Amino acid sequence: MTTGPKTACALLTSSGTLHDFLTGLAGSIAHELGGGVACSVTVRRGPRVPVTSGSSDAVAAALEETQYITQEGPTLQAVQTGEPVRVEYLPVDVRWPELTLRGTADGVATVFAVPVAGDLAPLGAVTVYARRAEALDAAARARTAELAGQHAVALHIALRMFEYAAHAEHLRVALTSRYVIDQALGVLMSRHSCNARTAFEVLRRRSQRDNVKLRKIAADIIVSTTGEPPLPPGAIPP
């Protein structure tokens, strides 16, 4: 199995989430490198946003989680500095005690993290974990760096694609909520012979009193008045 642009493209079209894509890519890279290695692929979603990663197996996932909890380790250092990070023999490495403890318990001997280039700063990193030191020899490290470079564009596209999808979903939910609230405002305006501002204040106070979201309060008002659920956006022709 060759891990290249075609593999990344296929994963993009078949993955439902960014995590799914990263997990699939990590598995493909681990398979490409062979030697029983584990792999994680990490992307940074913004300077103040935590990274998101996918891993080829439970060992890589646990070691990535350890780094996110402690906020230190080869993956994060590679992302932050833009330089490859190598751990020649993890059991005696003193830079990241928690990672050394967890990795040694899982039988990991060596680690290699390669940054993935972005426009202005590293976009993420590809990190490989191996139980045998020889599994990450010079040739394997060079191949890991090569694969990280090959997939830089795919990672950039995936990050943007899933960010846009999430934004579109947020807009859809907001539009639906607004539509339901507007229907409830109409009911309250008719019931209390008041204007929209006063009706909204009634709705807001009830939401605060019951500690329930406005959309749920609005939907309950519509159901209690009409006996039917709120109409979805577009149900009434213009």
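The values are calculated or read from the model by the stated rules, or taken from the named source; none is laboratory data. Since the structure is predicted, the reported quantities are computational estimates derived from the model, not experimental observations. Cβ coordinates were reconstructed from backbone atoms using ideal geometry, including for glycine residues, and neighbour counts include every protein chain displayed. In case anyone asks, the SASA skips ligands and DNA or RNA and just uses the protein heavy atoms, side chains included. Shrake-Rupley method; radii C 1.70, N 1.55, O 1.52, S 1.80 Å.
Could you check ALA148 against (1) modelled with pLDDT of 90 or more; (2) open to solvent by less than 50 Å² (accessible area, probe 1.4 Å); (3) outside any helix (DSSP H, G or I) and say which number it fails?
(3) is the only condition that ALA148 fails.
To keep it simple, each residue is scored yes or no on (1) open to solvent by 70 Å² or more (accessible area, probe 1.4 Å); (2) modelled with pLDDT of 90 or more.
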| site | (1), (2) |
| --- | --- |
| ALA125 | no, yes |
| ALA130 | no, yes |
| GLU134 | yes, yes |
| LEU159 | no, no |
| ALA165 | no, no |
| ARG197 | yes, no |
| ARG206 | yes, no |
| LYS216 | yes, no |
| ILE221 | no, no |
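Please go through segment 77-105 and give me each residue that is open to solvent by 60 Å² or more (accessible area, probe 1.4 Å), touching a residue at least 24 places away in the same chain (Cβ under 8 Å) and in a helix (DSSP H, G or I), ordered by number.
GLN77, GLN80, THR81, GLU98, ARG102
Among the residues of segment 59-76, is there at least one that is within 18 Å of ALA145 (Cα to Cα), part of a strand (DSSP E or B), at pLDDT 90 or above and not hydroxyl-bearing (Ser, Thr, Tyr)?
No, that holds for no residue.
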